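Read-outs: derived from the displayed coordinates by stated rules, not from any lab. Remember, predicted model here, so these are calculated numbers, not experimental data. Here the Cβ is made from the backbone with ideal geometry for all residues, glycine too, and neighbour counts use every protein chain on show.
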């Protein structure tokens, strides 16, 4: 499991390490979220939001975080 989650907001799909509400699979629409690109955005968990383009800065940072995790944390193999 990765320590970040994807969230559609502000016209892009961002990533965040903010904690999601208990039992939620996504940040509910209207939730304020700090992203990996250091933006403060409001989640838009609509169907169309998940089709928005990915924020390049969040994507770069998410990949950096994923590469630095031990393989046992993610269940992936080298």
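Take every Cα pair under 8 Å whose residues are at least 6 apart in sequence, average their separation, divide by the length of the chain, and the relative contact order is 33 percent.
The angle separating the long axis of helix 56-68 from the principal Cα axis of greatest extent in the chain is about 30 degrees.
Quantify how much of the Cα-Cα distance distribution of region 5-69 extends past 13 Å, in percent.
Values: 1194 of 2080 pairs.
Considering region 5-69, 57 percent of its Cα-Cα pairs are separated by more than 13 Å.
In region 19-37, whose amide N lies under 15 Å from the spot 7 Å out along Cα-to-Cβ of residue 57? List them in ranges. From region 19-37, the list is 33-37. Figure legend: label point modelled 7 angstrom from the Cα of residue 34 along Cα→Cβ; residues of region 2-28 with amide N under 14 Å from it are 16-20. Scoring 54-62, 22-30, 37-45 by mean Cβ neighbours within 10 Å over their residues and listing the highest first yields 54-62, 37-45, 22-30.
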